């Protein structure tokens with residue numbers, strides 16, 4: 001198997017697992033995997049496919065600017081520019097973008113705050129953070145209709161230790177050094193989001209919303225716009 | 001494969017996917033796919049089948065008035081008249097009717113309002129709406145026991161850009177130009193419904209219910225009858 | 001295939017479907033199917049099996065008093081007596097007992113009321129009720145540790161049109177003339193339970209709890225013991 | 001099949017079932033099964049594997065101190081010490097550690113209380129408790145980053161009738177005399193946790209939170225830190 005076939009299969013496998021969780025509702029979302037360095041090429045989702053199917057037209061190979069490297073009738077996902085920024089700014093080998101109800105809720109509730117930070121949750125070990133008071137932040141950017149502006153907004157918030165970016169009411173974009181790690185990061189974030197929302201609900205109900213460091217979230221107060 | 005076999009298989013496939021999500025509880029729901037134009041014929045669910053099974057008696061071919069085109073012992077779904085109206089009034093090629101807890105809740109909570117409108121949600125791109133302030137409305141009609149009256153009520157609210165109708169405590173009827181697009185629309189609506197209900201819950205809890213354009217909903221206040 | 005093999009397979013199939021939904025948590029629950037009339041014999045779950053597996057020791061044949069009809073090392077479910085009452089008092093051909101979080105919640109919240117009644121929900125058509133104001137009631141009995149007393153309590157609330165009984169914090173027992181209908185009834189009840197609980201939550205949040213006929217429930221006020 | 005192969009397969013099977021429920025988010029969690037007594041050896045999860053896959057590198061054989069018994073390049077899970085304590089202090093034959101949103105919520109909400117006790121729930125029969133007023137307690141310990149300290153904290157709360165320990169924001173560790181019973185206990189606890197949280201939510205909403213024995217919980221008031 002060539003390196004191209006191997007990467008294609010890894011990407012098809014992770015896509016299949018996420019599709020089984022219904023994390024690509026309405027053909028939303030897109031995924032990519034890096035194939036070569038210097039210059040970068042990566043496979044990225046073709047636009048508008050049903051991600052529950054596995055076909056030879058699911059991905060196409062693009063360069064670091066998101067242009068097709070080979071002759072193809074496929075159109076790269078409209079959000080390929082975001083994947084380009086991730087590969088340009090980080091050592092990611094795989095990048096996943098999915099919509100879940102809970103990641104959309106977090107992006108909206110903490111959107112004005114501009115980020116959400118988790119602390120004192122075992123699951124943050126999934127990000128390689130083993131310190132008792134370690135924390136992980138996810139920046140949140142506005143959802144610009146202009147995709148060039150959106151790519152730039154995402155690029156602007158990526159710091160060396162960033163593992164994911166939330167776009168407001170537009171899901172999570174998360175990465176890792178390979179498909180295994182990208183999926184691990186995604187699962188951990190989704191768990192933290194769901195846990196936080198449910199604990200926040202119980203917190204509101206028992207009238208303890210003054211405490212800003214509640215529920216595994218270090219800072220950030222829910223803002224409802 | 002004839003066009004009839006092809007359409008049958010497409011409909012059986014989408015039915016299977018929706019059944020796997022338990023979206024036909026208690027044998028509820030029904031699906032159809034257009035086979036021919038001028039005059040219209042379409043396959044529609046036979047009445048009262050277990051939709052988790054795949055059998056040769058799942059569908060029957062009917063004309064634009066819902067009458068069986070071929071000799072058959074099968075009875076078309078009691079709600080075939082609604083499918084007839086959808087094919088008469090729109091360019092739909094496939095039409096899906098399912099019950100979920102969340103689509104029933106939206107139909108009840110916004111029933112008095114007569115519609116629900118979503119805005120500023122990435123998922124509305126699934127309806128081909130790419131403008132930053134674009135919006136999508138779903139009309140809601142009362143659930144008349146008289147099925148002729150119900151079909152007429154559904155027909156009355158279908159406008160050129162309508163993609164779906166909610167019937168109060170009676171699920172969603174959604175369509176697209178083919179099975180792929182109908183499923184895409186359905187998944188997007190279900191995501192928007194679930195997102196809105198969960199955000200509304202958090203909104204109520206944090207006492208911000210005055211804002212009528214809250215949670216990706218442009219207008220409409222929850223009315224509980 | 002003999003009638004015995006046929007009924008066994010039908011029961012194994014419905015058990016498999018319900019197990020896939022995790023409706024037998026912790027080996028709870030049990031199922032049965034009638035094989036012969038006059039005198040009645042039925043297959044019933046052997047005690048304490050993992051219901052996600054399909055084995056030749058899943059069921060044993062018992063008579064109308066719940067005694068094994070054939071030589072066997074298997075022990076009938078401790079709750080076989082409830083199945084006996086269902087076959088004695090109704091024309092059921094199949095009887096299913098499962099635990100879900102939502103059926104347990106309904107049994108607790110409406111336990112003091114002694115029943116819950118659903119109305120104006122499309123899903124009640126699953127019980128053959130097509131009238132616009134038709135309704136369906138489920139009696140709720142206390143969960144006596146003495147299983148003879150419990151079987152009698154269940155028997156006492158079964159009326160001609162009863163389709164299911166809830167035992168407080170002990171799941172639902174539901175039946176139909178065959179496995180297909182029993183499953184249809186179960187799915188419809190579970191949908192109605194889940195719908196009602198979620199609507200009730202939104203109702204509490206928007207302070208409209210005075211209305212006793214709220215949320216598809218005709219009468220019954222939530223009592224929390 | 002040797003006893004080693006048999007135990008390996010049992011452990012691989014239960015891992016597969018729990019992975020299918022997404023109970024190992026972000027490669028979290030670990031499982032073990034006892035192979036020999038006097039001295040004890042057991043198979044335990046290798047560190048950091050994707051638990052949705054089934055491979056020959058999923059487990060390694062360790063002794064009662066958690067040291068590999070055979071030459072291997074695999075590293076035992078960092079939390080193997082907790083499994084050692086379980087096998088030292090109980091007659092467990094299998095031990096499972098998983099993260100779910102609900103077990104993490106219970107561990108946080110009742111963390112200050114130090115335990116949660118369930119009563120008057122049919123599901124506690126899964127623990128062999130058949131008395132009408134029988135109850136089952138789960139101790140809750142703090143989540144120390146120092147794993148030796150954490151293992152000791154877990155060991156300190158294990159009493160003869162303990163079936164599981166919750167670690168604060170770090171999931172449940174549950175055991176049984178074999179894989180079948182460990183899974184049965186786990187499913188029953190998860191059901192009780194989910195049931196309690198949802199009933200607690202409805203309780204808060206209807207302002208009945210004074211009652212400390214509410215919702216199948218004998219004692220313990222929700223403390224939100």
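The values are calculated or read from the model by the stated rules, or taken from the named source; none is laboratory data. Note that the structure is a prediction, hence the values are computed from the model and not measured. Cβ atoms come from the backbone with ideal geometry, glycine included; neighbour counts cover every protein chain shown.
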For this session: Filter the range D:114-151 for residues that are in contact (Cβ under 8 Å) with a residue 60 or more places away in the chain and surrounded by fewer than 16 Cβ atoms within 10 Å (Cβ to Cβ) and give the result.
Result: D:147, D:148
Problem set entry | Positions within the range B:190-215 being at the interface with chain A (Cβ under 8 Å from one of its Cβ atoms) and at pLDDT 90 or above, in sequence order | B:190, B:191, B:194, B:195, B:198, B:199
Problem set entry | Top-ranked residue of the range A:17-41 - restricted to ones that are within 13 Å of chain B (Cβ to nearest Cβ) and touching a strand residue (DSSP E or B) at 6+ places or on another chain (Cβ under 7 Å), ranked as farthest from residue A:81 (Cα to Cα) | A:23
Exercise. In the range D:26-52, which residues are at negative phi and under 15 Å from the mean Cα position of the chain (by Cα)?
Worked result: D:28, D:30, D:31, D:32, D:33, D:44, D:45
Exercise. Within the range C:165-183, which residues are under 28 Å from residue B:146 (Cα atoms) and either buried (at least 20 other Cβ atoms within 10 Å of the Cβ) or touching a helix residue (DSSP H, G or I) at 6+ places or on another chain (Cβ under 6 Å) (or both)?
Worked result: C:176, C:181, C:182, C:183
Exercise. Which one is nearest to residue A:173 (Cα to Cα) among residues in the range A:1-41 that are part of a loop (DSSP other than H, G, I, E, B) and touching a helix residue (DSSP H, G or I) at 6+ places or on another chain (Cβ under 8 Å)?
Worked result: A:29
Problem set entry | Members of the range A:161-189 found to be within 16 Å of residue A:142 (Cα to Cα) and within 13 Å of chain D (Cβ to nearest Cβ), listed by number | A:164
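For every residue, the table says whether it meets (1) outside any strand (DSSP E or B); (2) at pLDDT 95 or above; (3) buried (at least 22 other Cβ atoms within 10 Å of the Cβ); (4) within 14 Å of chain C (Cβ to nearest Cβ).
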position: B:43; (1), (2), (3), (4): no, yes, yes, no
position: B:48; (1), (2), (3), (4): yes, no, no, yes
position: B:55; (1), (2), (3), (4): yes, yes, no, yes
position: B:70; (1), (2), (3), (4): yes, no, no, no
position: B:74; (1), (2), (3), (4): yes, yes, no, no
position: B:83; (1), (2), (3), (4): yes, yes, yes, no
Exercise. Here are some residues: B:91, B:102. Which one is closer than 30 Å to residue B:194 by Cβ and touching a helix residue (DSSP H, G or I) at 6+ places or on another chain (Cβ under 6 Å)?
Worked result: B:102
For this session: Mind telling me which of the residues B:17, B:10 ends up being under 17 Å from residue B:99 (Cα atoms) and in contact (Cβ under 8 Å) with a residue 40 or more places away in the chain?
Result: B:17
